[in-house]
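Structure, as structure tokens:
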Amino acid sequence: MIMITMNKIENNHSTNNDSYRHLFVIIESINNELIPASLEMLGEARRQMDHFNLKYKSNEKVIAIHLGHGIKDLSKDLISYGADAVIYADDPHLKYPINKIYTKIISQIVTDPHSLKEISPEYVSIFKKPRYMFFLADSIGRHLSSTVLAELDSGLASDINKLVISDLDIKHQHKTKGETIHYQKVLEMYRPDFSGFLWTTILCLDNKNPEIAKEFHPQACSIIPGAFQPCVQDTKRTGIISQFSPQFDEQDLKIKVVKQELVKNPVQFENYKIIVSFGRGIKEDPEANIKLVEKLAKILDAEIGISLPISKKIFHLNEKYDSIYITPNRVVGTSGRKVTPVIYIAVGISGAIQHLDGMKDSDFIIAINPDENSPIKDVCDVFIKGRMEDVIPVIIDELSKRSGQLKEKEIQVNTYGKL
Amino acid sequence: MENCDVTIVGGGSAGLAALKHLSSLGKQAILLEAGKEIGSKNVSGGILYSKKSNNGKIYNVEDIYGESFLTEYPYERKITKYILNATSKDKVFSIDLTESHNYQTNFGYSVLLNKLNSWFAQEAQNAAERLGGGIITGVHVRALKWEEKRSKIIVQTDELEEFETKVVIAADGVNSEIAEMANAREKFSPSELYQGVKVLVKLPEKIIEERFEINNSEEGAAHLFAGDVSLNLIGGGFLYTNRDSLSIGGVYHYDSLLENPIEPAEIVNSMLKNPLISELIKDEVPIKEIDKTLSKEQQVRKSFAITKLLNNWNELRQLYYSHKLKEKSIADRKYSSEDEIKSKLDNLTKRLTDEYNIKFKTNYIELEYTTKLVPDGKRGRMKKPYHKNILFIGDAAGRGLFFGPRIEGLNVGMDDAARASIAVARSLDKNNFDSDYLGEFYTRLVEESPYTVDMKEIDKQYLNVILNSTRKRIPSNVLGLKHKLLFNLVSNDGLRNFFITMINKYGYTRLLSFIESEDVYFKVPIKIADKLGTLNTASYIPQIPTIQDRVAKLCYHEDNISHIKILDSSKNFLRKMVVLCPTKCYSLEGDEVILQHEGCIECGTCSKETEWRHPRGEKGVIFKYG
Amino acid sequence: MTLNIAVLVKLEPDFSEGSVSYNPDGTLNRAETKSKLGAHSAIASLAAFYTKVKYGGYISVSSMGPPMAEIALQEAQSICDADELHLYSDRLFASADTLATAEVLQQGIRKMNNGKEMDIVFSGHRASDGETGQTGPQTAWKLGFTFLGNVIDFSVDLNKRFILAKRLVALPGFYDIVEEIQAPLPVFIAIDPLYKPIFDTISLRLTSSRYLKEAKERAANYKTYLKVLDHKKLELDPRFVGLPGSPTIVHKVEKIPKARTTRTAELIEGYDREGIKNTITKILQLVQK
Ligand SMILES: Cc1cc2nc3c(=O)[nH]c(=O)nc-3n(C[C@H](O)[C@H](O)[C@H](O)COP(=O)(O)OP(=O)(O)OC[C@H]3O[C@@H](n4cnc5c(N)ncnc54)[C@H](O)[C@@H]3O)c2cc1C
Ligand SMILES: Cc1cc2nc3c(=O)[nH]c(=O)nc-3n(C[C@H](O)[C@H](O)[C@H](O)COP(=O)(O)OP(=O)(O)OC[C@H]3O[C@@H](n4cnc5c(N)ncnc54)[C@H](O)[C@@H]3O)c2cc1C
Ligand code: SF4
């Protein structure tokens, strides 16, 4: 059993210590399917470490840690998405991400120098802990990052969507006792605050103040799903895959998952940067107009939303459209979902307050509506005054002329979508 | 299975009175209310009366709740001025009917049901708790099953495990599902119903007193309206003063609405637009406008900052124009004097104008828009208000009392509640719940109620009082020949008494359509106003919110499952609902009527030809005032 | 047997329109903003209340914060009918990050109910003002308790001393997982915002309204239930709490550059191809960022 590390004050003042190396990325999968955001995180790790190795003329690795049961085969995918090495632990007791068990195993892996035997043999003798660690800020990773860092006794920044590695001069009342000290290889972790308007940068720094001197490693964060892009998959990439044999505490095995149910909402507004919603304004020719919206959404790679009245099946449509689009889980507004895409396009929607409630925090709002007095105009950035039947074909036409600009994006989306 | 002796369904003023009275009689009871909190589903005009009658005992609010009702002020103002206004365009002729208001009356208080029922609930809960009973909110009774052999009822709800009870008191209001489940009566027909619609308008205490010429902070006025404000419908309007708000609305025959569908909102709007009323409700209203050229972030921050200041401004202004609140805030040393409050208020006004570009405009402020059906006891009351061991009280039993300007349901429901409690207590003592022993006994008690007598017969004396007040003011020659004859007829004491005796004998209900006629409700009032009325002009045009604005202001706890099912979407009746639904939940799409239940305020107007239930526990609309 | 129940709560700024104030630079103006019991803390209190009504128990509520945080404890008591209130208040605790906060809380929990071991500790899912749900799991870890997050429902087997919890594991853009997990007591539960206590029998309802009434009465006299503990009383080493004990610091706060700033609708006529072209350019720019 791992004892809870009590806080000990270490008298180690060295700045650039080889005992703390590499970027460890905690991968998540469910039923042997990688969670897409894990790859986003891996992509960002790859970019950061490429930059790091160039800048510091160094050779530190991106190491993916993956726990589960029957997950060995996924290791190759992780390499192809940017990992230099994968350390996996495969065991029936790891089938579900039980916090206590996972915390202990991850802590074992990242503090055990022998884990690095194949990956960076030259440092095995002095390795203590990772330099950096990335977790996912989802319901699993958010808690896991907290407990792992409590175990490793270091700092954590949660819900990060921007990262920068740099050297900083820091002057801090406690950390440096008011003196300016140069810190190297600092991970600047940017967290959007509660208002969504501000970024707070969080640093995890050693205490250099002699009265409270203490080192804090790794510098760790949890990353908001969707914040970063995955790397384009490269199946030719190679890397080291090594297995770790976990040690369990009997007591912990009394914690059991007795049932697990996956629910997948077919409408995943969060996965899209653009949402096109339609409302009663389709009434002149509902089916043809839905087709138009569908076409526009396809070109823009957008998800489709609806206003509430549409969900009451007010039009007679063929069954296919009815079952795909006329469903309550597409409704945007107080009775439906609250969405905040980069771009929200409201087609034939008047903008009743209950609808606005669900979309007004989108970054950029476009409305297509012949009636200039519709309240939607008060919240949108661009109001295209016209009938959808006339306007959408023009947009589609113009968009297809610029298919080149769209292609690049499509590739990314496709690889992403395949997973 | 759990069990309890008595289950009261519905926590309106009737159900709560039953819980309180049963507890006073030492009987354990529980009350189930669908709303998340007591008072969140109830709507009234309203004036709560305490009455005395030569025809027998009345169980009044103070009999049920004791003197603390009078000392703890769960009501608004004591009505001491009661005025009937005949309207025709901008002309109004007012007749003081305070004497008729005082007829057989101990008192009449204006009330807001959320506050009032919450107070009742607290009293009833305290009493019931001591006997192991109490109020359970957020529970919707879905079905009742009979255990015939043991004459027990199994109560099934959407929220609790089923349980067993000996007696049910159904106080579930005009749209009673219990009545339907038990097959105790038909749904009320349009001729047996009124649609009541109301808006609550905010106005500071002292401004109310000044405007209604009330010289006492405890007192208030009631105004009734007849004439063109009722848009050719059979019914009338009301305006009651609360402490710092006004209740304005109307109550109209449902069958006249079906004949001549008019949006309920239009009915209150016609009241608000009447120049006399426009002037009574007007106030200084701050207009918040955000500079749209600012960045989105700045707009949000600015809007937040303004909201905060406006909240302070509203609070301070309310304080400044109040009595008790102000005294208290000075006694608590929050402010040193009235002058300090005034100067702080002026400062805020200045800041809002100078720094935030807020403009103050003459307009009025609506707090809440409500609608509800009310049963007309003259026509629709249950002749035997029971079914097996279920007793019906209040609106559920169809016992609303309407006559001339009289609109009474609250006091009647409480009187019923006391009578039902007495009958139930007696049955519990003897452990006998047979219809002969319980239901029939309760029916007898209800028949003895002076309110029931008033539903069956015209009270000559009451009519006398009204006519005396009217006759003093209206020379008979202003009316046309037809109306003059009628007027003379009813003005002659001897003739009238003979006439009414005949009516009461022949059958009051059969002659109702003659009494409740276009002539009485608007033709004559319009004529009177035209001939005798004084001209009123409004100094501004009130900006009346749209129905969408009104709905947006209401509070809902939405249920994704609709509590209403359309049975036949092509029906003529449903087409009328497109107009008559107060919150426009129905719309015509092609040939079909569709329902968007999210905005439903549970008035019951569409219930006649739909499968209509109350929403599940805690769901649906939440009225803040009622 | 009854349960020893702890609840961790937090005083938070009230971010609703009408209560919140911002400084000109866009940061929160804490002095002008009203504070109250955090919404998630209120749900944690509700879960504790449910446990008390259903299984019986002794509830201790605690908070780390300035002296005024006692109003959060009072509010929590009015929800859960707490038997004891703990406030960990000390100037040395100020500006702690989550690890240093967890250090104080775990020590406080060990001192609850005269040092009896807790069976269940409840905390909110997260706080609204920046704390992102780390404190709970870190406190749990320092206590050695099994941590269960995102709990939407639970039941306790008092004889076997087990808890059965239902968790909603949300993986944005992927699956949502509803998991049922069983664990021996003691456990630390971070309650999900979707949690709702269900009292589904008459007797539970009546009991809950009795306790609730008691809760209101107690909260009116909350000071008699309140213990204020500083680092000495908690027996904490000043080097491990507050700023000295915090690995992380806030380095800077800056505005997030936004794609577009104003919101006055630009009106484009439907036949205006140029206007539509410009809009498309904008769309492509925004998406590719
Ligand atoms: C409690 C409650 C909750 C609610 N919740 C929601 C909710 O969550 N989401 C929601 O959406 N609604 C909700 N509503 C309903 C809401 O109030 C509105 O009724 C609804 O949003 C209106 O939908 P709409 O804009 O599609 O239709 P309409 O208001 O009828 O608007 C149609 C628009 O289409 C335009 N149009 C007409 N012809 C064309 C054309 N040829 N091309 C382009 N445009 C055209 C018209 O100018 C008009 O602006 C709720 C209502 C209530 C009461
Ligand atoms: C505009 C207007 C003006 C009026 N003016 C006056 C006036 O001035 N004076 C006066 O005395 N009266 C007036 N009335 C009439 C008076 O308001 C009513 O008679 C009275 O409120 C009815 O009370 P109640 O308890 O019978 O029913 P309600 O107040 O309707 O209570 C019924 C309760 O039962 C609950 N319920 C229903 N079904 C279920 C179920 N299945 N399970 C659980 N709970 C359920 C409901 O949520 C509701 O709370 C007016 C009415 C209106 C609409
Ligand atoms: S839907 Fe029916 S019950 Fe609801 S508000 Fe409209 S008419 Fe009234």
Among (1) surrounded by fewer than 14 Cβ atoms within 10 Å (Cβ to Cβ); (2) within 14 Å of another protein chain (Cβ to nearest Cβ); (3) more than 16 Å from ligand 1 (Cβ to nearest atom), which single condition is B:Asp493 missing? (2)
Taking B:Gln122, is it in contact with a strand residue (DSSP E or B) (Cβ under 8 Å, 6 or more places away or on another chain) and either over 27 Å from B:Tyr75 (Cα atoms) or without any contact (Cβ under 8 Å) to a residue 12 or more places away in the chain (or both)? no
What number of residues within segment A:237-260 satisfy the criterion of being more than 14 Å from chain C (Cβ to nearest Cβ) and either free of Cβ contacts under 8 Å to residues at least 60 places away in the same chain or touching a strand residue (DSSP E or B) at 6+ places or on another chain (Cβ under 9 Å) (or both)? 8
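Mind checking which residues of segment C:177-196 are part of a loop (DSSP other than H, G, I, E, B) and surrounded by 16 or more Cβ atoms within 10 Å (Cβ to Cβ)?
Taking segment C:177-196 as the starting set, the residues that turn out to be part of a loop (DSSP other than H, G, I, E, B) are C:185-186, C:192-196.
If the condition is that a residue be part of a loop (DSSP other than H, G, I, E, B) and surrounded by 16 or more Cβ atoms within 10 Å (Cβ to Cβ), then C:Leu185, C:Pro186, C:Asp192, C:Tyr195 are the ones that fit.
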If you scan segment A:90-138, which residues turn out to be more than 14 Å from every other protein chain (Cβ to nearest Cβ) and closer than 24 Å to C:His125 by Cβ? A:Phe134
Among C:Glu235, C:Glu274, C:Glu217, the single one that is more than 9 Å from chain A (Cβ to nearest Cβ) and at positive phi is C:Glu235
Looking at B:Gly56, B:Gly45, which one is away from ligand 3 (no atom under 16 Å from the Cβ), of a type in the set (Gly, Ala, Ser), more than 21 Å from B:Phe225 (Cβ to Cβ) and not in a strand (DSSP E or B)? B:Gly56
Among the residues of segment B:553-569, are any more than 15 Å from ligand 3 (Cβ to nearest atom), within 29 Å of the chain's Cα centre (by Cα), within 20 Å of B:Pro275 (Cα to Cα) and open to solvent by 40 Å² or more (accessible area, probe 1.4 Å)? no
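Go through the residues of segment A:316-329 one by one and say whether even a single one is among the basic types (Lys, Arg), under 28 Å from the mean Cα position of the chain (by Cα) and either more than 9 Å from ligand 1 (Cβ to nearest atom) or open to solvent by 50 Å² or more (accessible area, probe 1.4 Å) (or both). Outline the logic, then answer.
The initial filter retains those residues of segment A:316-329 that are among the basic types (Lys, Arg), namely A:320.
Cutting the leftovers down to under 28 Å from the mean Cα position of the chain (by Cα) gives us none.
Taking every residue of segment A:316-329 in turn, none turns out to be among the basic types (Lys, Arg), under 28 Å from the mean Cα position of the chain (by Cα) and either more than 9 Å from ligand 1 (Cβ to nearest atom) or open to solvent by 50 Å² or more (accessible area, probe 1.4 Å) (or both).
Name the residue that is farthest from ligand 1 (Cβ to nearest atom), counting only residues in segment B:363-420 that are at positive phi and surrounded by fewer than 24 Cβ atoms within 10 Å (Cβ to Cβ). Working first, answer last.
First pass over segment B:363-420, keeping only residues at positive phi: B:388, B:394, B:398, B:404.
This time we only want the ones that are surrounded by fewer than 24 Cβ atoms within 10 Å (Cβ to Cβ), so: B:388, B:404.
Working: B:Lys388: 39, B:Gly404: 37 Å.
Among them, the one singled out is B:Lys388.
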Residues of segment A:338-353 satisfying the condition of being out of contact with any helix residue (DSSP H, G or I) (no Cβ under 7 Å at 6 or more places or on another chain) and more than 11 Å from chain C (Cβ to nearest Cβ): A:Thr340
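Per-residue answers, yes or no, for (1) of a type in the set (Lys, Arg); (2) surrounded by 23 or more Cβ atoms within 10 Å (Cβ to Cβ); (3) modelled with pLDDT of 95 or more:
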residue	(1), (2), (3)
A:Arg21	yes, yes, no
A:Ala45	no, yes, yes
A:His69	no, no, yes
A:Asp90	no, no, yes
A:His93	no, no, yes
A:Asn99	no, yes, yes
Across (1) in a strand (DSSP E or B); (2) out of contact with any strand residue (DSSP E or B) (no Cβ under 8 Å at 6 or more places or on another chain), B:Tyr556 clears everything bar (2)
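Quick grid of which residues meet (1) open to solvent by less than 20 Å² (accessible area, probe 1.4 Å); (2) farther than 29 Å from A:Lys214 by Cβ:
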residue	(1), (2)
C:Ile79	no, yes
C:Ala82	yes, yes
C:Leu85	yes, yes
C:Tyr88	yes, no
C:Ala94	no, no
C:Thr98	no, no
Condition check: of a type outside the set (Phe, Trp, Tyr) and within 18 Å of the chain's Cα centre (by Cα). Does B:Gly237 satisfy that? yes
With the requirement that a residue be within 23 Å of the chain's Cα centre (by Cα) and assigned to a loop (DSSP other than H, G, I, E, B), what does segment B:123-138 give you? B:Gly138
Can you list residue pairs whose Cβ atoms sit under 6 Å apart, with the first residue in segment C:138-155 being more than 18 Å from C:Glu179 (Cβ to Cβ) and the second being of a type outside the set (A, V, I, L, M, F, W, C)? Count only pairs 6 or more apart in sequence or on different chains. C:Gln138/A:Ser146; C:Gln138/C:Thr98; C:Thr139/C:Gln106; C:Trp141/A:Thr147; C:Lys142/C:Gln106; C:Leu143/C:Gln106; C:Phe145/C:Pro186
Only one of these conditions is not met by C:Phe199: (1) open to solvent by 30 Å² or more (accessible area, probe 1.4 Å); (2) aromatic (Phe, Trp, Tyr); (3) more than 7 Å from every other protein chain (Cβ to nearest Cβ). Which number is it? (1)
Could you please find all residues in segment B:384-439 being in a helix (DSSP H, G or I), over 14 Å from the mean Cα position of the chain (by Cα) and closer than 23 Å to B:Ser50 by Cα? B:Ala396, B:Ala397, B:Met414, B:Asp415, B:Asp416, B:Ala417, B:Ala418, B:Arg419, B:Ala420, B:Ser421, B:Ile422, B:Ala423
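Look at segment B:361-381 and say how many of its residues are farther than 21 Å from B:Asn114 by Cα and in contact with a strand residue (DSSP E or B) (Cβ under 6 Å, 6 or more places away or on another chain). Show your work before the answer.
Filtering segment B:361-381 for residues farther than 21 Å from B:Asn114 by Cα gives B:361-364, B:376-381.
Now restrict to residues that are in contact with a strand residue (DSSP E or B) (Cβ under 6 Å, 6 or more places away or on another chain): B:361, B:363-364, B:376-377.
So the answer is 5.
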Going through segment A:177-201 in order, the residues found to be modelled with pLDDT of 90 or more and polar (S, T, N, Q) are A:Thr180, A:Gln184, A:Thr200, A:Thr201
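Restricting attention to segment A:126-142, and to residues there that are within 19 Å of the chain's Cα centre (by Cα) and open to solvent by 10 Å² or more (accessible area, probe 1.4 Å), which single residue is farthest from A:Pro113 (Cα to Cα)? Break it down into steps so the answer makes sense when it comes.
Our first condition is that a residue be within 19 Å of the chain's Cα centre (by Cα); within segment A:126-142, this holds for A:132-142.
Now drop any that are not open to solvent by 10 Å² or more (accessible area, probe 1.4 Å), which leaves A:139-140, A:142.
Numbers: A:Ser139: 29, A:Ile140: 26, A:Arg142: 26 Å.
The residue in question is A:Ser139.
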Taking B:Thr583 as meeting all but one of (1) assigned to a strand (DSSP E or B); (2) near ligand 3 (Cβ under 10 Å from one of its atoms); (3) farther than 21 Å from B:Glu177 by Cα; (4) not acidic (Asp, Glu), write down the number of the exception. (1)
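Here are A:Ile345, A:Ile368, A:Ile349: which of them is β-branched (Val, Ile, Thr), part of a loop (DSSP other than H, G, I, E, B) and at pLDDT 95 or above?
Working: A:Ile345 fails: part of a loop (DSSP other than H, G, I, E, B); A:Ile368 fails: part of a loop (DSSP other than H, G, I, E, B).
Result of the check over A:Ile345, A:Ile368, A:Ile349: A:Ile349.
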Flag if B:Leu574 is aliphatic (A, V, I, L, M), open to solvent by 20 Å² or more (accessible area, probe 1.4 Å) and within 16 Å of ligand 3 (Cβ to nearest atom): no
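From the list A:Asp169, A:Asp206, which residue is surrounded by 17 or more Cβ atoms within 10 Å (Cβ to Cβ) and either within 7 Å of chain C (Cβ to nearest Cβ) or among the acidic types (Asp, Glu) (or both)?
On the way: A:Asp169 fails: surrounded by 17 or more Cβ atoms within 10 Å (Cβ to Cβ).
Of A:Asp169, A:Asp206, the one residue that is surrounded by 17 or more Cβ atoms within 10 Å (Cβ to Cβ) and either within 7 Å of chain C (Cβ to nearest Cβ) or among the acidic types (Asp, Glu) (or both) is A:Asp206.
What's the total number of residues in segment B:137-173 that are among the hydrophobic types (A, V, I, L, M, F, W, C) and closer than 21 Å to B:Gly394 by Cβ? Let's see the steps before the verdict.
So in segment B:137-173, the residues among the hydrophobic types (A, V, I, L, M, F, W, C) come out as B:139, B:141, B:143-144, B:146, B:153-155, B:160, B:163, B:167-171.
When the remaining residues are screened for being closer than 21 Å to B:Gly394 by Cβ, the result is B:139, B:141, B:144, B:153, B:155, B:167-171.
Looking only at that region, the number is 10.
The values are calculated or read from the model by the stated rules, or taken from the named source; none is laboratory data. Keep in mind the model is a prediction, meaning the values are calculated, not measured. All Cβ positions, glycine included, derive from the backbone under ideal geometry; neighbour counts span all protein chains shown. Areas reflect the complete protein model, heavy atoms only, side chains present, ligands, DNA and RNA absent. Shrake-Rupley method; radii C 1.70, N 1.55, O 1.52, S 1.80 Å.
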